[in-house]
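Okay, so here's the structure we're looking at.
Nothing in this text is a laboratory measurement; each read-out follows from the coordinates by a stated rule. All values reported here derive from a predicted model rather than from experimental measurement. Glycine also receives a Cβ, built like all others from the backbone with ideal geometry; neighbour counts cover every protein chain displayed.
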Amino acid sequence: MKIAITGGSGSVEVSDATFGVTFNEPLIHQVVTAYRAGGRAGTKKQKSRSDARGGGAKPWRQKGTGRARAGTIRSPIWVGGGRAFAARPRDYSQKVNRKMYRAAMRSLFSELVRQDRLVVVDSISIEQPKTKELAAKLAELKLDHVLILMDSYDTNVCLAARNLPWVDVLDLREMNPVSLIRYDKVLATKAAVQALEGQLS
C-alpha cells in the first residue's frame, strides 16, 4: 500500500511498510543510545599507584616507629600518590544489528510523517553559497528549526547553512537518528525520500 507525503513544494508516494509503521520507542531509545555512545572518545586515563613515579622503597620500617604502616609514598591516601580505582581507556560502543537499526529508522520516519514534520520538496539548490539565499528559501516554506536531508552532497547549500542557527544539512550517508530527533522539521528532497525507501525496505 502506498501513502503520499506532501507538505512542501513536492509530493511523493512511498510504501507504508517503510513510512507507515508503528512507533517503537524502546527500539529507538536503544539505537539513539548506541549512536551517542559510539561518539564517546573513551580516552580518559588516570595513574594508579603502580603508574605514579617513585615509591619503590618502603618509607619506614614496619614496626617500632609509632606511625601507621606504609609500604609506598605513592599510596592513594598520600599527597602525590596514585588514584584509587584509576580510570582506564575504554570502548563505549554498543552493538546494534543492521535489522534493528533499519527498523528504528523506519519507525522514526513514520512518526515524522504522522506528526507532519517531514517536508518534501522537488529539489533544494541555490546559485551561490549565500546564507541569505538559503534563509529566503526556508522562509518561503516557513521553516527555521530544520534538518535538510539531501540525496547527494551540495556544496552551496552546505556552505550557506553554516551561519544559520538550528539549520543543518546532511546527505543520506550522514543521516543519523539523533539529528532526526533534534530538529522540529526535516526538509527532504523527493530523490532523498525515494532513496530512503530503497535503503530501509
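For the stretch 72-168, GluC sites (Glu not before Pro) are listed when DSSP marks them as loop and at most 12 other Cβ atoms sit within 10 Å of their Cβ; the list is GLU127. So which aspartates and glutamates pass the test for LYS45, namely a Cα distance under 15 Å, with those fewer than 8 places away in the same chain ruled out? Filter leaves ASP91. Provide the per-residue ³J(HN,Hα) series for the stretch 30-39, in order, calculated from phi with Karplus coefficients 6.51, -1.76, 1.60 and θ = phi - 60°, each as a whole number of Hz, with x at glycine and proline positions. Result, rounded to whole Hz: 5, 5, 5, 4, 5, 5, 5, 5, x, x. From the Cα gyration tensor of the chain, with a ≥ b ≥ c the square roots of its eigenvalues, which class applies: rounded if a/c is under 1.5, or else prolate if a/b is larger than b/c, or else oblate? Here the chain falls in the prolate category. Across the stretch 1-146, C-alpha contacts under 8 Å between residues 6 or more apart give a mean separation that, scaled by the residue count, equals a relative contact order of 34 percent.
Between the helical axis of 190-200 and the longest alpha-carbon principal axis of the chain there is an angle of about 50 degrees.
In the elastic network of the chain, a GNM with C-alpha springs shorter than 10 Å, the most mobile of ARG40, ARG102, ARG74 is ARG74.
Working note: Karplus 6.51/-1.76/1.60 with θ = phi - 60° gives the stretch 84-101 the couplings 6, 6, 4, 5, 10, x, 8, 9, 8, 4, 10, 7, 10, 5, 4, 5, 5, 4 Hz, where Gly and Pro are set to x. Springs between Cα atoms under 10 Å define the GNM used for the chain, and in it the highest mean-square fluctuation of LYS190, LYS137, LYS44 occurs at LYS44. Within the stretch 59-136, the chymotrypsin sites (Phe, Trp or Tyr not before Pro) that combine a DSSP coil assignment with at most 16 other C-beta atoms in a 10 angstrom radius are TRP60, TRP78, PHE85, TYR92. Relative to the longest principal axis of the Cα atoms of the chain, the long axis of helix 131-140 makes an angle of roughly 60 degrees. Taking amide H atoms as placed 1.01 Å from N in the peptide plane, the amide H of MET150 lies under 5 Å from those of LEU170, ASP171, LEU172, each 5 or more residues away in sequence or on another chain.
Dipole magnitude for the chain: about 2760 debye, using +1 per Lys or Arg Cβ and -1 per Asp or Glu Cβ, origin at the Cα centre. Measuring from centroid to centroid over Cα atoms, what is the spacing of the stretch 172-193 and the stretch 108-146 in Å? Using only Cα atoms to place each centre, the spacing works out to 10 Å. Which pairs, out of LYS142/LYS190; LYS44/LYS99; LYS137/LYS190; LYS95/LYS137; LYS132/LYS190, put more than 28 Å between their alpha-carbon atoms? Table pairs above 28 Å Cα-Cα are LYS44/LYS99; LYS95/LYS137.
Of the candidates GLN30, GLN62, GLN115, which one comes out as most mobile in a Gaussian network treatment of the chain with C-alpha springs shorter than 10 Å? Fluctuation is largest for GLN62.
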